[in-house]
Amino acid sequence: MDCLNVLRRLVPLAALCALATAHAQDTELRTLSYVVRITENCPEGEVGCRDVSYVGKNVRTGKSIALRGQAVMRLCADRVTPCSHEGYRFTSGQVEYRITSDGRLRVTRGSEVLVDEPGEWQAAAAQPPAATGPLAQRLGVQIQSGYATARARLLGTSGKADAGWGRSGVHGQLAYRQYPEVLCGEGYDAVCTGRFVKSGRAILLSIDPRTRALRVTSVDED
């Protein structure tokens, strides 16, 4: 391959890497009704990340949903080289969530359009540093501990389980009868969250449903 052809292949990839970097880590899409936080769980600059987290919040109702999905790439004419980043795709059962690179949120169930709103990309708001350390540490919750243990810890320190959270999803059904505060997406890469209220703040425990003990993977404020 001569130098000119090498350059022709490298230039679009360099531009693509720059775009990927712009969306690396956490970014937020804000539409009229929703705030969606997108996190690419891949090395910075990786093209076409296949491990992307979606946490969407309805600003009118306060309800949230957590999903896992991937970046959507358009291939060049050779059908091999990725040419452009077209957004992200997530699914929950029969419901598909698409976010385009120009900031449109579109949620569909088959041919039915549930949400179609334009929005604007913004850098995700940085969490203010805590004087006494990370949130999990302050709450006494151990990352990678079983959910039952973490739950007992929160309930034992004046936390209250949000019993309506588990039914706030599309299907309105509980994922775990013994844990009505847990809401799960669907599919192999589904994310589950348990929601608690403590000292006037909403706390989300993200858990891995593929583990028998429902291991806690992160602790965040909603």
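A short reminder: the numbers here are calculations on the coordinates, not readings from a lab. Fair warning: this is a prediction, and the values are worked out from it, not measured in the lab. As a convention, Cβ positions derive from the backbone with ideal geometry for all residues, glycine included, and neighbour counts pool all protein chains shown.
Straight-distance candidates among the aspartates and glutamates for linking to residue 57, with alpha-carbon spacing under 13 Å and chain neighbours fewer than 8 residues away dropped: 28, 221, 222. Multiplying the residue separation of residue 59 and residue 153 by 0.36 nm and removing their Cα-Cα distance gives an extension gain of 30.9 nm.
Taking 7 Å steps out from each Cα toward its Cβ at residue 137 and residue 198 produces label points 1.5 nm apart.
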